[in-house]
1. Cysteines without a disulfide-compatible partner in the protein assembly as shown, using Cβ under 4.7 Å as the rule?
2. Counting each DSSP H run of 4 or more residues in chain B as -39500 (n - 2.57), what helix-only mean residue ellipticity at 222 nm follows after dividing by all residues, to the nearest 500 deg cm²/dmol?
3. Could you tell me what percent of the accessible area of segment B:4-188 is made up of carbon and sulfur, with a 1.4 Å probe and every protein chain present?
4. Based on the mean of other beta carbon atoms within 10 Å per residue, what is the order of A:323-329, B:112-118, most packed first?
5. Provide Rg over Rh for segment B:4-188; use the alpha carbon set for both Rg and the Kirkwood Rh (inverse mean inverse pair distance).
6. Inside 10 Å of the C-beta atoms of A:253-259, what's the mean count of C-beta atoms belonging to other chains?
7. Which distance in Å, rounded to a whole number, links the C-alpha centroids of segment A:182-239 and segment B:108-151?
8. Averaged over B:142-148, how many beta carbons belonging to a partner chain fall within 10 Å of each residue's beta carbon?
Amino acid sequence: MSHPSHPRDLKKQVNRSLKARDGGPLPFKKNTIKATRTRDLRAAEWPDFEERRDRITERRQQAVDGLKELHESLRKQWSKHGITIHDAADAADARAIITSILHQRGISEILKSKSMLSEEIEINNHLVTEGIEPLETDLGEYIVQLRNEAPSHITMPGMHLFRQDVGQLFADKLGIPYTEDPSELTKIARKVLRQRFLHAPAGMIGVNFAVAETGHLVTVTNEGNGRMVNTLPPVVIALMGWERVTQSMADLGELWQILARSATGQRATSYLSLLQGPSQGPGGPGEVHLVIVDNGRKAIHEDPEAREVLRCIRCGACLNACPVYQQVGGHPYGGTYPGPIGSVLTPLLNGPKEAPHHPFASSLCGACEEVCPVKIPLPKMLLEGRKQRVDSRGSFDPEKPIWAMFRWMMTSRYGYEATTKLARLGQSLIPGHQVPLPGWSDHRDSPMLAPKPFRDLFDSWDKEKA
Amino acid sequence: MNDKRFDSLRRVLEEIDTELVLVQADAMQGIVRTQVERGSISTAAIGNDELLKDLELSSHLLENGVGLIGPLKGDETRQDVEEWHQALAGADVGITSCVGVASETGSALLPPHTPDERAMSLLPPVHWLFLREEQLVPDIGSLLKTWQDAGNSSGSAVMVTGPSRTADIEKELVLGVHGPQAVTLFLII
């Protein structure tokens, strides 16, 4: 997935994304508005929603603060239940670990349940180069995999597609007669994937939460593909972000419910899988490998302000509420995670130089923070990201002299009068009295300074009276 | 049978596309016959759950000419297991009991089973869930607590809320993706 490296690239990406629809209706706009409305409806069902959200936020922050200790408890539980633990310092490490597990067992195909972390570590392309076929089984992921592109949303990978796109895709890639009916298309996917599930030599699942109290690896799904790949194959690889730990079953229950309500407007998702370890008998996974990925999370944890972002439960509500995301979709952001959370997380994970435009891709309206189930202060963190980006510019920053001039102009009377006098002189020379500012002046008339400032006029009136 | 006490549960279940059937324990035989005819059931996967044994479900199914698939014995090879999975996928219904059901959401916690028993509620296109009235709890928090208090929040489990679903294409709801397409809750009152 290419990363736009400059704010101008973001504009280019956005334009490309809009042009692809020829000025027509945008799928992400319709889908995100619908998603936000259903989220609001479900939130309203809990009369004490805000109190509950506050408690969940507090518990989540406690978990994040206590991650080191919780991991100690978890490791005891995991060892007790026979889970093989692998620690991955970064994406490359994670890729090597996963490849090695599969190679050692002569496995050349792995069925994947949806995992944004697996996108973050870019495992799919790597496995292909290693002679292993990764097959996405979540319908949205299956679709974007066939299209050879990245998901454009955290929970709805095909947010950027219309049914006609999927219909054409299936007709082209699966050789079936064209249909654009979502029910028919889903039936086709069910049929195609069923045989693959039944003979899969390995499965990969994402871990939404690990429960410290019992060691359970929890996966939240709706389609049943998560259950297929954590129940049928003999080998299961579970992929977990270091921060995805919750203290107890009680906390899990709360997190799951607010995740469902925030992500898809459901009271509960169809399935909550709780995998405690490998099974003894012939059926099911005799081996469960847990790959715990750091990839910048521990560094974020060290910074008490940045640490708040580790509360994120990847619901995607902020994407759905964001007016910028609603207009441009996920792909223009570049990087794994789009939208408000992505704009904060990407520079934190990859360094401000790697994702320079992210904190600026926002109008700071605050809708994201309003819907965030764990109250991450996204606008504040975006501003902090902007500051870090500017600070990282080095010794010469073209904005510095401009701000210095502005400060002089606004804090010294002489500075103010001299600058405005100059401006008054200059504006009379501009043709049509319209200052050309790219983008801004397309829809606005330039405000003009009066030929004489009020303070001069007042002085002369005063004299007249006297 | 229509008992008003369960109207709000029925509504919640309807909202997650789950059917509620109220049954008196001694009327089990008739219910099984009706359901078998209605669903054209010729093969059923059924586990060793206590409640299912108490209700004599296996005998009732056999009486109605339904072939049964039971859990693995434990000595099967990997090849045997894949064949058994294939047979499960060809069954018409999978039958389980549960730890309990949360009335707020209609969620059923399936007890920590072996993976083959978990596969019974996953592979067949229809899932029949049996529970006694006393197993109804108000919400998910209570359901998880019930599981823990019974001293067996051990083992791998799954919480099921209705049939499998997706809205990945234009946010249009489609039921029956990889998991079951239909779920029926049989409440023994």
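The values are calculated or read from the model by the stated rules, or taken from the named source; none is laboratory data. Since this is a predicted model, take the numbers as computed values, not measurements. In this analysis, Cβ positions are derived from the backbone assuming ideal geometry, glycine residues included, and neighbour counts consider all displayed protein chains. Only protein heavy atoms, including side chains, enter the accessible area calculation; ligands, DNA and RNA are left aside. Shrake-Rupley method; radii C 1.70, N 1.55, O 1.52, S 1.80 Å.
1. Cysteines lacking a close Cβ partner in the protein assembly as shown: A:312, A:315, A:322, A:365, A:372, B:98.
2. Taking each H run of at least 4 residues, the total per residue is -9000 deg cm²/dmol.
3. Percent of accessible area from carbon and sulfur atoms in segment B:4-188: 47.
4. Final packing ranking: B:112-118, A:323-329.
5. Across segment B:4-188, the Cα-based Rg/Rh ratio is 0.95.
6. 3
7. After rounding, the separation between the Cα centres reads 19 Å.
8. 3
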